[in-house]
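The values are calculated or read from the model by the stated rules, or taken from the named source; none is laboratory data. No experiment lies behind these values; they were computed from the predicted model shown. Positions of Cβ are generated from backbone atoms using ideal geometry, with glycine treated the same way; all protein chains shown enter the neighbour counts.
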Amino acid sequence: MAGGGPVDVSIVSLGSTAGLRRADEALGDSLRRAGASVSIARALPPAPIPTLMLTDLAWARAARSAIVHSLRRLERTPPRAVVYSSVTAALLWPRPGTIRFDAPASGNRPGRHGLWQRPLERSRLRHAPLLLPWSTGALCEAPPGARAGGRAIVLPVPVQRSGPLERERDIAAITYAANPSKKGLDRVLAAWRALRGERPDAGTLVVTGASAETLRDAGFDIEGEDGVLVAGALAAAEYRALLRRARVFICAPRREDYGIAQLEALADGCLLVTTAAPGPYAALPIARELDARLVGEDLIAGLRLAFSDPSADYAERAGAALEPYSPAAADRVVAEELLPRLLA
């Protein structure tokens, strides 16, 4: 909050993943560049809980506690607008506000996993004064009531190249496995092992986003495996430095709510070998446009082509395709569309 004065916008940051935390910081920075004063109410992470229903409840309560505390602190000059970062953050809101989301519970909480979340979500999305989906795909997955009334502004999370691209890429492939089952690490490893069987000199697959212990608890005992290196959960700068050294980013998500890791990989010059996962997978149409041969269920075939017959100028074309995701593009949407409506 600039200067300790009145706050224009308070962002309720769930921050349950590194991607969400970066997205919230980026939104706050963009609003400040547009001239708004911003505070961020950060939810305290709850203890791990075994089911998605209870996990969402714990995070929703943490988000409510964060914004209630923030509103009390700002009681004399309450924020003119509140932005809830994710539907979960808004489920137990103390006051209505804008909802920003990568995917709705109607899409990523099927069956018993979203028994209480989905009906409450419909109400929250219906009563929110403004919606900020990360992508058009996220808006399309939302309940029909959320798509009515012209209340939505699509605002992608900004992505840009993290530094000069390495001329010699000494890492063969890299993947992100913060949620190894959802990210399809089993399928990635199977494809990589098959490629190594054909080409023992293929190099090393670097697994990021989770420690060896975390992966082992999830059923992936791969520490020390030939051709695989577990790098663990890295700081953003360290992770992006690895992307600039990698030739291929490989992933096989069972569902993708957005895909920040894939967009960052494209920005840093990696070839993207991926399955065509369901969900509002923002990088998927870009990957198909750049080289459709690398997209599909046959990951082994995609890897073979990525190493033996890469498309010319892939990195340069990826940079052009990511222009709508640039910080400058996000700043234009925030300054010209979002902020005037938040403060109206």
Quick check: is even one residue across segment 315-322 at positive phi and in contact with a helix residue (DSSP H, G or I) (Cβ under 7 Å, 6 or more places away or on another chain)?
no
Residues of segment 257-271 satisfying the condition of being touching a Leu at 6+ places or on another chain (Cβ under 7 Å) and either among the charged types (D, E, K, R) or free of Cβ contacts under 8 Å to residues at least 40 places away in the same chain (or both):
262, 264, 268
Positions within segment 110-122 being part of a helix (DSSP H, G or I), in contact with a helix residue (DSSP H, G or I) (Cβ under 8 Å, 6 or more places away or on another chain) and over 24 Å from residue 277 (Cβ atoms), in sequence order
122
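If I filter segment 94-115 for residues that are among the hydroxyl-bearing types (Ser, Thr, Tyr) and under 30 Å from residue 335 (Cβ atoms), do I get at least one hit?
To start, the set of residues in segment 94-115 that are among the hydroxyl-bearing types (Ser, Thr, Tyr) comprises 98, 106.
Now drop any that are not under 30 Å from residue 335 (Cβ atoms), which leaves 98.
Yes, there is a match, as at least one residue in segment 94-115 is among the hydroxyl-bearing types (Ser, Thr, Tyr) and under 30 Å from residue 335 (Cβ atoms).
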Working carefully through the options 240, 244, 254, 304, find the one that is closer than 23 Å to residue 139 by Cβ, in contact (Cβ under 8 Å) with a residue 60 or more places away in the chain and either assigned by TED's automatic domain parsing to the domain that holds residue 189 or β-branched (Val, Ile, Thr) (or both).
254
Among the residues that make up segment 274-282, is at least one of them in the same structural domain as residue 194 (by TED's automatic domain parsing) and closer than 23 Å to residue 167 by Cα?
no
Being touching a residue at least 40 places away in the same chain (Cβ under 8 Å), farther than 23 Å from residue 282 by Cα and either surrounded by 15 or more Cβ atoms within 10 Å (Cβ to Cβ) or not acidic (Asp, Glu) (or both): is that true of residue 107 here?
no
